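The structure under discussion is supplied below as structure tokens; questions concerning it will follow.
What follows draws every value from the coordinates through simple rules; no lab data is involved. What you see is a predicted model, and the numbers here were worked out from it, not measured in a lab. So basically every Cβ, Gly included, is an ideal-geometry build from the backbone, and we count neighbours across all protein chains shown.
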Amino acid sequence: MVSGVNASFAALFTFGNMLANTAGNVANVNTNGYKKTVATITEDAQGLPELSLTKSDSAGPLIQENGIMTEASNVDLAEELPQMIVAQRGYEANIKALKVQDDLLKSTIDILA
């Protein structure tokens, strides 16, 4: 059985990495030829969350610079910003869960003392 503390720490790690991935994609939105990395949260064998990262093969829009056609980044801010909000809220929720578990343990110790 997985303890709540372990589950919360695993989720914090997962959502933190998801935020980092989204930040990397957003930072490269104007980098020609950049291919975004798609982050998906999955469960490991113990039921803990983990992050699966895959490179997107989709083509970016073609733009003409100095008479040469180049492929722009395939990052879409309309997809990245909601991902960032989900990751931020997931991170905040797990911080709150850790705080509640800490308060519960303190109360239990006070009762036993």
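Look through segment 45-65, keep the residues that are outside any loop (DSSP other than H, G, I, E, B) and hydroxyl-bearing (Ser, Thr, Tyr), and return whichever of them is farthest from residue 94 (Cα to Cα).
Residues of segment 45-65 outside any loop (DSSP other than H, G, I, E, B): 49-55, 62-65.
Going one step further and asking which of them are hydroxyl-bearing (Ser, Thr, Tyr), we end up with 52, 54.
Values: 52: 19, 54: 25 Å.
So the residue we want is 54.
What are the residues in segment 22-41 that are closer than 23 Å to residue 96 by Cβ and touching a strand residue (DSSP E or B) at 6+ places or on another chain (Cβ under 9 Å), if any?
Step one: list which residues in segment 22-41 are closer than 23 Å to residue 96 by Cβ, which gives 22-23, 39, 41.
Residues satisfying the conditions are 22, 39, 41.
Within segment 48-72, track down each residue that is under 20 Å from the mean Cα position of the chain (by Cα) and either more than 30 Å from residue 7 (Cβ to Cβ) or free of Cβ contacts under 8 Å to residues at least 24 places away in the same chain (or both). Step through it out loud before you land on a result.
Of segment 48-72, the ones under 20 Å from the mean Cα position of the chain (by Cα) are 48-57.
Those that are under 20 Å from the mean Cα position of the chain (by Cα) and either more than 30 Å from residue 7 (Cβ to Cβ) or free of Cβ contacts under 8 Å to residues at least 24 places away in the same chain (or both): 52, 54, 55, 56, 57.
On to the next question. Of the residues 91, 34, which is touching a helix residue (DSSP H, G or I) at 6+ places or on another chain (Cβ under 6 Å) and surrounded by 12 or more Cβ atoms within 10 Å (Cβ to Cβ)?
Working: 34 fails: touching a helix residue (DSSP H, G or I) at 6+ places or on another chain (Cβ under 6 Å).
The conditions single out 91.
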